[in-house]
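Step one of this worksheet: look at the structure below.
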Amino acid sequence: MSSVLEASPRPLWLDRGDPPVVPRPGLEGDTEVDVAIVGGGFSGLWTAWYLSRIAPQLRVLVIEAAWCGFGASGRNGGWCVGELAGSVEAYAARSTLSEARRQLRAVFDAVDEVGRVTAAEGIECGYAKGGAVRVARNRPQARRQREEVAHHRALGFTADEIRLLDESEATGLVNATGVLGGIHLVPGAAVDPGRLVRGLADAAERGGVRIVEQTRAHSIGGHEVVTDRGTVRARSVVRATEAYTRDLPGARRHLLPVYSLMVATEPLAPEVLAEIGLATRPTFSDDRYSIIYGQRTDDGRIAFGGRGVPYLFGSRLNTGAEIHDGVHQLLADTLAELFPVLAGVRYTHRWGGPLGIPRNWTPGVAYDPVSGHGVLGGYVGEGVAASNLAGRTMAELVAGHDTERTSLPWVGAVSRSWEPEPLRWIGFRASRRLITGADQRENRTGREAKAARALANRLRGRH
């Protein structure tokens, strides 16, 4: 069997596209539109698609530096899950507890909305609503899960939304090693994000949206976007650039770009899949502090990822960080630890890409009708469903519609900038070492790493 290091160094989702990706033509000189959207990922394309539905009279232009889905939207784990990086408490601090609950339930509904839109538009992206399962594989993880579900019950969330699993129920869904129990978040679906983002771009074009690719925005200011192929003037300009925001003048500290990497196996034999479980295709992880995430694809592979590439000083973006032998090997080893039947399996793809983290670790949507400037994102890697809600909300704000979404607590939420270097480099690297060591100690001793838990709660706005 071949090593994971021999796998193709490109996203699985890119190779599964039919037809293959062919970039659209770039902008041809200066132009004027009603709405210019910078960024051809989920956030920008959902905004454009909803605008085509609710305000078809508007001239909408999407500007993408490479091709739609080149960034995180075409590289992620395909978790269309009803979660937000920010906690219920973080949103309640901006409003009320009932409004914070409404915020989270709006993300729950976004999971179904993605399914509704893909069905209506004929987007074949392997959408399967099996929920998201996090298994507990040591006593501290199991204790945290019991407390988490009890906390959600106290906040008013029901067993139809999130429920605790005993050992038998958890292993029935995810037959990993050492499972003591788990959590099943019901609002969750697995998708092929590459086919979803490209299908969404096609659907937006059918609705009258114009998309230019191979066109890099150099600056966004006032009512114009200056690109390498001409200047776009617009009444409204929406920035949907996520980790690539750092390339815009004056925006280097707005979002912290952090790399997440993935591997994908070959299509697995039926008996291997039966041993692993995942029959209803729930997305899966365990409850370690270091982030891991996986799914069973619609063609019978396991696509699995995690964060491990160190933060690059100065918020640098480096394509070399997308292929990291040590991290990719660690991902393969971790997957074999979870499912020993995968030891020695052939890997066909390995890849990576950057995601964007705001200073308050809380995504948001902001639009100023006076300046016409909008920004959305900061999902901290949980953006497949959240970007649908964000794009839908942004479209309604731009169109001047007052809806149940335009008053959600995350509307108007703007994070302060990250600290200058070397402070953010020191802080992020120190946090990563703390979290990695905490997982090792919990596995070794069976006792909770309190410092890591306090850090995780603080990052999510829970104290």
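A search for C-beta distances below 6 Å between a residue of segment 1-30 that is under 30 Å from Arg233 (Cα atoms) and modelled with pLDDT of 95 or more and any residue that is of a type in the set (S, T, N, Q) and assigned to a loop (DSSP other than H, G, I, E, B), counting only pairs 6+ apart in sequence or on different chains, returns Pro23/Gln214; Gly26/Gln214; Gly26/Thr215; Leu27/Thr215.
Scanning segment 300-330 for residues that are surrounded by 16 or more Cβ atoms within 10 Å (Cβ to Cβ), basic (Lys, Arg) and either over 19 Å from the mean Cα position of the chain (by Cα) or under 18 Å from Arg252 (Cβ atoms) (or both) returns a single hit, Arg301. Does segment 107-121 hold any residues that are small (Gly, Ala, Ser) and farther than 9 Å from Gly82 by Cβ, and which are they? If the condition is that a residue be small (Gly, Ala, Ser) and farther than 9 Å from Gly82 by Cβ, then Gly115, Ala119, Ala120 are the ones that fit. Out of Leu248, Leu273, Leu256, Leu278, one residue alone is at pLDDT 95 or above, more than 17 Å from the chain's Cα centre (by Cα) and farther than 26 Å from Tyr127 by Cβ. It is Leu248. Between Leu104, Leu51, which is over 21 Å from Leu196 (Cβ atoms) and among the aliphatic types (A, V, I, L, M)? Among Leu104, Leu51, only Leu104 is over 21 Å from Leu196 (Cβ atoms) and among the aliphatic types (A, V, I, L, M).
The rows are residues; the columns are (1) small (Gly, Ala, Ser); (2) loosely packed, with under 15 Cβ neighbours inside 10 Å; (3) assigned to a helix (DSSP H, G or I).
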position	(1), (2), (3)
Thr393	no, no, yes
Glu396	no, no, yes
Ser415	yes, no, no
Pro420	no, yes, no
Ala430	yes, yes, yes
Ala438	yes, no, yes
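Residue by residue through segment 6-56, note down the ones that are among the aromatic types (Phe, Trp, Tyr), over 30 Å from Glu266 (Cβ atoms) and in contact with a Lys or Arg (Cβ under 8 Å, 6 or more places away or on another chain). Across segment 6-56, the qualifying residues are Trp46, Tyr50. Within segment 336-391, the residues that satisfy the criterion of being assigned to a loop (DSSP other than H, G, I, E, B), buried (at least 18 other Cβ atoms within 10 Å of the Cβ) and more than 23 Å from the chain's Cα centre (by Cα) are Phe339, Val345, Gly372.
If a residue must be loosely packed, with under 14 Cβ neighbours inside 10 Å and farther than 20 Å from Arg195 by Cβ, how many such residues does segment 6-38 contain?
Of the residues in that region, 6 qualify.
Against the criterion of being among the charged types (D, E, K, R), part of a helix (DSSP H, G or I) and in contact with a helix residue (DSSP H, G or I) (Cβ under 8 Å, 6 or more places away or on another chain), Arg198 qualifies. Modelled with pLDDT of 95 or more and out of contact with any strand residue (DSSP E or B) (no Cβ under 8 Å at 6 or more places or on another chain) - does that describe any residue in segment 176-191? Checked against the condition, which is being modelled with pLDDT of 95 or more and out of contact with any strand residue (DSSP E or B) (no Cβ under 8 Å at 6 or more places or on another chain), segment 176-191 yields at least one hit. Scanning segment 319-373 for residues that are free of Cβ contacts under 8 Å to residues at least 60 places away in the same chain, farther than 21 Å from Gly77 by Cβ and either among the small types (Gly, Ala, Ser) or out of contact with any strand residue (DSSP E or B) (no Cβ under 6 Å at 6 or more places or on another chain) (or both) yields Gly320, Ala343, Gly364, Ala366, Asp368, Pro369, Val370.
Could you list all residues from segment 312-334 that are small (Gly, Ala, Ser), in contact with a helix residue (DSSP H, G or I) (Cβ under 7 Å, 6 or more places away or on another chain) and farther than 14 Å from Ala243 by Cα?
Of everything in segment 312-334, just one residue is small (Gly, Ala, Ser), in contact with a helix residue (DSSP H, G or I) (Cβ under 7 Å, 6 or more places away or on another chain) and farther than 14 Å from Ala243 by Cα, namely Ala332.
Just the residues that are under 13 Å from Tyr379 (Cα atoms), not aliphatic (A, V, I, L, M) and not in a loop (DSSP other than H, G, I, E, B), please, taken from segment 241-255. Once the filter is applied, which keeps residues that are under 13 Å from Tyr379 (Cα atoms), not aliphatic (A, V, I, L, M) and not in a loop (DSSP other than H, G, I, E, B), segment 241-255 yields only Glu242.
The values are calculated or read from the model by the stated rules, or taken from the named source; none is laboratory data. Computed from a predicted model, the values in this text were never measured in an experiment. FYI the Cβ positions are ideal-geometry reconstructions off the backbone, even for glycines, and counts take in every protein chain you see.
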